Amino acid sequence: MNAQVAITPEAAQLVRRLKAQHGALLFHISGGCCEGSAPMCLRTGDFLVGSRDVQIGELEGCPVYVGVGQHEYLKDTAIEIGVAKGEVESFSVEAPEGMRFTMRSMPAVASSQRIGMSVNKGLP
Amino acid sequence: MVVTEKALETFRIPIVLKKRYDNFINGTFVPPVQGQYFTDISPINGKPLCEVARSTAEDVEKALDAAHAAKDKWGRTAPAERARLLNLVADRIDQNLELLAKAETIDNGKPLRETLAADIPLASDHFRYFAACIRAEEGSLAELDNDTVAYHFKEPLGVVGQIIPWNFPLLMAAWKLAPALAAGNCVVIKPASETPLSLIILMGLIADVLPPGVLNVVNGKGAEVGKPLAANPRIAKIAFTGETTTGRLIMQYASENIIPMTLELGGKSPNIFFADVMEADDEFFDKVLEGFALFAFNKGEVCTCPSRALVQASIFDKFMERAIARVEKIKVGNPLDPSTMMGAQASSTQLEKILRYIDYGKQEGAKCVTGGERARLDGDFAEGYYVKPTVFVGHNKMRIFQEEIFGPVLSVTTFKTTEEAIAIGNDTLYGLGAGVWSRDGNTAYRVGRELKAGRVWTNCYHAYPAHAAFGGYKQSGFGRETHKMMLDHYQQTKNLLVSYSKKALGFF
């Protein structure tokens with residue numbers, strides 16, 4: 001049970017499909033320009049997880065890591081990974097499908113409660 | 001870089017696009033091996049512009065074949081001849097200023113004012129700058145003793161890979177290509193799939209200039225072309241500008257082949273305003289106010305966006321009154337309209353991210369003093385990706401002060417002392433840019449030297465002249481562009497250690 005990170009049903013479905021296609025996957029969240037702050041979904045063999053990456057949970061059997069610098073600012077938030085349509089210039093494995101994982105975060109309440117988070121419906 | 005309204009009035013060239021753009025390999029346009037294409041969308045109106053080659057690993061290999069076939073001859077071409085050709089490239093850019101500016105605007109969404117006055121002229125100047133640098137370059141020699149001389153030659157690396165972002169498509173291409181080509185390397189470059197247009201159009205304009213195989217453009221998606229290029233054992237160096245996780249990924253690929261890199265990963269640049277700027281309501285103060293508003297330049301999609309403003313507490317209220325008024329004069333609209341100051345965000349992804357961060361800012365308790373929502377345009381542009389320039393007031397530990405938003409969102413906080421300004425300025429993961437505004441030269445100098453940023457604009461901002469080194473500290477990356485030192489990143493040193501003695505050493 002992950003108090004810190006959750007996934008929408010649509011995103012979970014996409015992860016399952018990508019796992020079948022690519023094998024074991026992980027999520028890595030960092031920052032920076034251009035696609036920064038979008039969760040990157042990568043093959044576990046492709047990305048070297050560092051000693052200072054923080055694992056904040058697991059979704060559909062995929063560990064979710066946050067870069068140590070970003071973790072400082074995300075540690076008191078509850079994160080929801082969703083999916084949206086959109087052409088992105090990203091090395092993330094879902095990108096060629098014309099999809100992109102998105103990340104919504106909000107202040108975490110008590111970890112024993114699961115926060116009700118709405119599905120990412122696209123542009124407001 | 002002053003744009004006169006009269007000059008813009010004469011701009012009436014319609015732009016005719018091809019239905020489809022391929023790769024540019026070995027001096028000619030080549031369709032992708034697997035015959036796949038993706039659709040290039042304009043952020044101005046959300047509509048498709050054209051189709052572009054969606055390459056795969058096979059296309060990268062073709063490009064590398066061409067580059068390797070050309071590299072020995074290009075590497076041995078006299079610097080003066082390489083310079084002549086780079087100057088020809090610059091000439092072609094200048095001769096096609098309006099075409100390239102318009103292509104850049106419709107592909108990226110940035111205003112025509114900026115592409116005409118900044119992006120395209122800076123790109124052509126960059127080729128001229130490195131043409132000049134390579135002609136003036138020398139190696140060195142040292143006479144070590146009476147019989148021994150060390151000769152140091154700078155030699156090209158060979159074939160290099162480059163992956164560029166979508167925020168300044170042609171200019172980022174120029175920053176990477178000019179030094180690499182000047183130094184005698186052959187290049188395989190992958191433009192961002194959001195913005196392939198200006199570079200591929202340029203290839204059509206310079207197809208006859210460079211020898212075939214010297215410059216190769218492979219279009220496609222980062223996830224499909226990025227690794228085949230960056231992890232390829234046939235490149236001697238990889239250059240990348242983009243976000244942090246991908247930067248790490250690229251570094252890993254480089255480590256597999258033990259090749260050097262240059263990397264630029266973003267920033268959260270502080271723009272620091274000392275109380276003395278308000279000592280007079282003069283021309284300089286007008287410049288200061290523009291400096292504050294420059295977070296909106298290129299709609300905030302700049303790695304060096306001055307996305308944090310640090311205003312000295314003693315002037316805060318009066319300063320903000322004038323500064324916000326200045327921000328509210330920013331005209332958001334159709335980027336092709338010469339009077340538009342801020343255009344469309346580059347994609348729906350970016351727009352969504354910006355709106356999300358605006359939401360986070362409000363949730364964290366930052367005060368939104370202007371903007372804070374999507375900008376709705378009429379008619380043709382209703383589906384475009386427009387946002388109102390937004391200013392928040394808060395404190396430096398908030399997420400909107402620490403995370404790179406990459407949009408026209410400014411986070412403002414105050415400081416009391418110079419030491420506090422420096423501390424807040426440096427309290428960030430990044431270290432790409434910073435701005436310091438003060439009428440006192442001593443303050444400006446001392447603060448600039450204390451800030452952990454590679455580029456400290458002092459009484460200015462968003463100027464990118466060639467011959468001023470540009471690059472990051474900390475998590476913003478490493479390597480310095482736009483300066484002749486970039487040639488070092490694209491060369492290796494050959495030491496000929498020559499003995500003029502005829503006597504054996506006496507060991508064996």
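The values are calculated or read from the model by the stated rules, or taken from the named source; none is laboratory data. Since this is a predicted model, take the numbers as computed values, not measurements. A quick note on method: Cβ atoms are made from the backbone with ideal geometry, for glycine too, and the neighbour counts reach across all protein chains shown.
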Within the range A:61-77, is there a residue that is more than 10 Å from chain B (Cβ to nearest Cβ), more than 12 Å from the chain's Cα centre (by Cα) and buried (at least 16 other Cβ atoms within 10 Å of the Cβ)? yes
Whichever residue in the range B:470-491 is in contact with a helix residue (DSSP H, G or I) (Cβ under 8 Å, 6 or more places away or on another chain) and assigned to a loop (DSSP other than H, G, I, E, B) and, among such residues, is surrounded by the most Cβ atoms within 10 Å (Cβ to Cβ): B:TYR490
Quick one: is B:LYS362 under 30 Å from B:THR195 (Cα atoms) and either touching a helix residue (DSSP H, G or I) at 6+ places or on another chain (Cβ under 6 Å) or surrounded by fewer than 22 Cβ atoms within 10 Å (Cβ to Cβ) (or both)? no
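Is it the case that some residue within the range B:293-305 is surrounded by fewer than 18 Cβ atoms within 10 Å (Cβ to Cβ) and either in a helix (DSSP H, G or I) or in contact with a helix residue (DSSP H, G or I) (Cβ under 8 Å, 6 or more places away or on another chain) (or both)?
For the range B:293-305, residues surrounded by fewer than 18 Cβ atoms within 10 Å (Cβ to Cβ) and either in a helix (DSSP H, G or I) or in contact with a helix residue (DSSP H, G or I) (Cβ under 8 Å, 6 or more places away or on another chain) (or both): absent.
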In the range B:406-443, which residue that is within 14 Å of another protein chain (Cβ to nearest Cβ) and of a type in the set (Gly, Ala, Ser) is nearest to B:GLY343 (Cα to Cα)? B:GLY407
Residues that are closer than 22 Å to B:PHE381 by Cβ: find the helices (runs of 4 or more DSSP H) completely inside the range B:63-139 holding 2 or more of those. B:97-108
Condition first: in contact (Cβ under 8 Å) with a residue 40 or more places away in the chain, surrounded by fewer than 24 Cβ atoms within 10 Å (Cβ to Cβ), part of a helix (DSSP H, G or I) and small (Gly, Ala, Ser). Can you find one or more residues in the range B:204-213 that meet it? yes
Taking the stated definitions as given, is A:ARG52 in contact with a His (Cβ under 8 Å, 6 or more places away or on another chain), of a type in the set (Lys, Arg) and within 14 Å of chain B (Cβ to nearest Cβ)? no
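Rundown of residues vs (1) modelled with pLDDT of 95 or more; (2) charged (D, E, K, R); (3) out of contact with any helix residue (DSSP H, G or I) (no Cβ under 9 Å at 6 or more places or on another chain); (4) assigned to a helix (DSSP H, G or I), yes/no style:
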residue	(1), (2), (3), (4)
B:LEU310	yes, no, no, no
B:PRO335	no, no, no, no
B:SER339	no, no, no, no
B:ARG356	no, yes, yes, yes
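Provide a single number: the residues in the range B:184-234 that are β-branched (Val, Ile, Thr) and within 11 Å of chain A (Cβ to nearest Cβ).
Let us first name the residues in the range B:184-234 that are β-branched (Val, Ile, Thr), namely B:187-189, B:195, B:200-201, B:206, B:209, B:214, B:217-218, B:225.
Still in the running and within 11 Å of chain A (Cβ to nearest Cβ): B:195, B:225.
Number of matching residues: 2.
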